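The values are calculated or read from the model by the stated rules, or taken from the named source; none is laboratory data. All values derive from a computational prediction rather than experimental measurement. Cβ: placed from backbone, ideal geometry, glycine included. Neighbour counts: every protein chain shown. Heads up: the accessible areas ignore ligands, DNA and RNA and are worked out on the full protein's heavy atoms, side chains in. Shrake-Rupley method; radii C 1.70, N 1.55, O 1.52, S 1.80 Å.
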Amino acid sequence: MFHKEGQKIIIITFLMAVALILLAQFYIGLEWLRLVIQITVFVLLILVLQFFRNPRRHVIPNFDEILAPVDGKVVAIEEVFEPEYFKDKRRQVSIFMSPLNVHVTRYAASGTITYSKYHPGKYLVAWHPKSSTENERTTVVLHTPKFGEVGYRQIAGAVARRIVNYAEEGEQVTQGQDAGFIKFGSRVDLLLPLDCDVAVILNQKVVGSKTCIAAVRNIDD
């Protein structure tokens with residue numbers, strides 16, 4: 001299954017691939033060169049199809065957990081001051097997505113969207129410390145029953161050149177629901193309350209809508 005954001009690119013890439021393979025077949029006399037061109041074009045087509053894949057994730061909404069919004073690797077867990085919306089300290093968990101990861105963004109929790117804003121910006125590499133505040137990005141905040149307000153940012157990287165964000169203020173959303181897409185390499189920052197228990201560690205690989213990122217702190221802790 002492929003994400004709707006990739007339909008146009010997939011069709012164009014498929015038609016170009018077929019055309020190049022046929023042109024090579026009829027107009028390239030050297031057999032080894034013809035095979036190299038055809039194999040290269042086929043591999044590129046497979047990579048595009050892989051990038052826009054959208055695997056089904058069965059989610060039973062859980063108000064006590066924040067799930068990973070994307071597939072990738074945890075590259076930062078730190079306390080930061082968030083100046084845009086919260087204007088206080090937050091626990092930031094950053095997940096980097098390589099071009100080989102699934103790039104669908106899914107809602108990490110169920111709740112009501114209280115804030116959604118797009119920011120144009122630079123295209124620093126996604127793991128750069130300043131990418132959270134200087135790169136092209138969207139900021140979204142959800143009001144949840146157990147965690148209060150939880151934010152996340154979709155951040156464009158050096159390769160990603162388009163962020164798709166479906167969040168609209170006032171909308172009720174469900175954990176695991178499709179929240180958007182980032183094309184070709186990127187990062188997502190979760191902005192969590194300080195009193196939650198982070199359940200991941202640095203360099204851990206996470207799976208969107210499956211891996212628990214944080215849980216409600218036990219009152220006895």
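Of everything in the range 165-184 that is open to solvent by 10 Å² or more (accessible area, probe 1.4 Å) and under 22 Å from Leu49 (Cβ atoms), the residue that is modelled with the highest pLDDT is Asp178.
Looking only at the range 1-47, residues that are open to solvent by less than 60 Å² (accessible area, probe 1.4 Å), within 30 Å of Thr105 (Cα to Cα) and of a type in the set (A, V, I, L, M, F, W, C) come to 5 in all.
From the set of residues in the range 130-158 that are in contact with a strand residue (DSSP E or B) (Cβ under 8 Å, 6 or more places away or on another chain) and modelled with pLDDT under 85, which is nearest to His3 (Cα to Cα)? Top of the filtered list is Ala156. Looking across the range 1-41, just one residue is more than 27 Å from the chain's Cα centre (by Cα), outside any helix (DSSP H, G or I) and of a type outside the set (A, V, I, L, M), and that is Gly29.
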